[in-house]
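Derivation of every value follows stated rules applied to the coordinates shown; laboratory data play no part. Note that the structure is a prediction, hence the values are computed from the model and not measured. Backbone-built Cβ (ideal geometry, glycine too); neighbour counts: all protein chains shown.
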Amino acid sequence: MIIAEAPSPNFGPRAAGKTPRLLILHYTDTKTAFEALQILQSKERQVSAHYLVDEAGQATRMVPEEMRAWHAGKSFWEGETDVNSVSIGIEIQNPGHTYGYVRFPEPQVKAVAELCRGIIARHRILANHVLAHSDIAPERKRDPGELFPWHYLSGQGVGLWPKIDEDDKVTPDQEAIVSLLGRYGYDTKIDFKILLTAFQRHFEPEVFEVEDEGIPTRRTIPRLESLVKQKLALRPRAA
Ligand SMILES: [Zn+2]
């Protein structure tokens, strides 16, 4: 893959002893990739990402992977709140929910998959550690959103996807769902409906087609159980 270079001034060192173990995917929420590039290079805006991928699949490196880019903001995963220090961030061009959310074009998705596979290999990132910005900041963020092809990417070696059978159905139980969300890594101090919506944006996106997000389905618990089981099987060493 050809990677262009467009350095951002917005980065610093990772916190002492911290190395990348999360991969956070974003959408730009801008009308064009050029506009996103300008924001990510603006000293005033104080934001950045390691990479930007445009609609045609052109990837641009903006911050070296060993440095701490400023993409996550106030966030949480598995107890970690300095997500910028433990992550690589990719911005993916899309007008987002602000300017007319659209499906991600195939060349862009293929480029994201290839870029992610390289990052995952270089930093040995676990599949359960490939996350949406909305997973780590459910109260503030919706990106990359319910149209992002997480299922397809999981088949490309990028991220986890729940494995459930057709007849895998469980009556929803809020307490059980919260417990499973916490075991997977989510911040369970967040309002239930907001938290569940973040989960569904990533792992149960069909609820958005009927505008039923925030309401548990009979698939929610089986999906979460599958994810937690896969996560535990992936854990490389005792915590
Ligand atoms: Zn974001």
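With neighbour counts taken as other beta-carbon atoms within 10 Å, the residues PHE34, PHE76 rank, fewest first, as PHE34, PHE76. How far is helix 106-123 tilted, in degrees, relative to the longest principal axis of the Cα atoms in the chain, given as a value from 0 to 90 rounded to the nearest 10? Between helix and principal axis, roughly 90 degrees.
Between HIS71 and SER48, the built amide H atoms are under 5 Å apart, and every one of these is 5 or more places off in sequence or on another chain.
From least to most packed, judged by other beta carbons within 10 angstrom and beginning with the fewest, ILE88, ILE177 follow the order ILE177, ILE88. Given that compact globular proteins tend to follow 2.2 N^0.38 Å, what is the ratio of the alpha-carbon Rg of the range 14-87 to that value? After normalising by residue count via 2.2 N^0.38 Å, the value is 1.13. Neighbours of HIS133 by Cβ distance under 15 Å: Lys/Arg scored +1, Asp/Glu scored -1, total -3.
Entry note: the range 32-173 has Rg to Rh equal to 0.97, where both radii use alpha-carbon atoms and Rh is the Kirkwood radius.
Converting phi to 3J(HN,Hα) with the Karplus coefficients 6.51, -1.76 and 1.60 and the offset θ = phi - 60°, the range 85-95 yields 6, 10, 9, 10, x, 10, 9, 10, 4, 6, x Hz in sequence order, with x at every glycine or proline. Dividing the helix sum by the residues of the chain, where each DSSP H run of 4 or more adds -39500 (n - 2.57), gives a mean residue ellipticity at 222 nm of -9500 deg cm²/dmol.
Axis of helix 192-203 versus longest Cα principal axis of the chain: the two differ by about 70°, to the nearest ten degrees. Going from the residue with the fewest nearby Cβ atoms within 10 Å to the one with the most, ILE221, ILE92 rank ILE221, ILE92. Within the chain, the ratio Rg/Rh, alpha carbon atoms throughout and Rh by Kirkwood, equals 0.95. The label point for THR19 and the one for PHE208, both projected 7 Å from the Cα toward the Cβ, are 3.4 nm apart. Summing Lys and Arg as +1 and Asp and Glu as -1 over all other residues whose Cβ lies under 12 Å from the Cβ of PRO107 gives a net charge of -3.
Considering only Cα-Cα distances, which of the following residue pairs are longer than 20 Å: LYS193/LYS229; LYS141/LYS193; LYS74/LYS141; LYS141/LYS229; LYS169/LYS229; LYS18/LYS43? Long pairs (Cα-Cα over 20 Å): LYS193/LYS229; LYS141/LYS229; LYS18/LYS43.
With everything on Cα atoms, drop me the angle between helix 174-184 and the longest principal axis of the chain, reported from 0 to 90° to the nearest 10. Tilt of helix 174-184: around 40 degrees. As a size descriptor, the averaged projected area of the C-alpha convex hull of the range 189-239 was calculated at 4.3 nm². When the P(r) of the range 154-239 is calculated, the portion above 18 Å amounts to 43% of the C-alpha pairs. Rounded to the nearest whole Hz, the Karplus-based 3J(HN,Hα) values (6.51 cos²θ - 1.76 cosθ + 1.60, θ = phi - 60°) of the range 48-63 follow the sequence 6, 8, 6, 9, 10, 10, 7, 5, 7, x, 6, 9, 10, 8, 10, 9, with x at glycine and proline.
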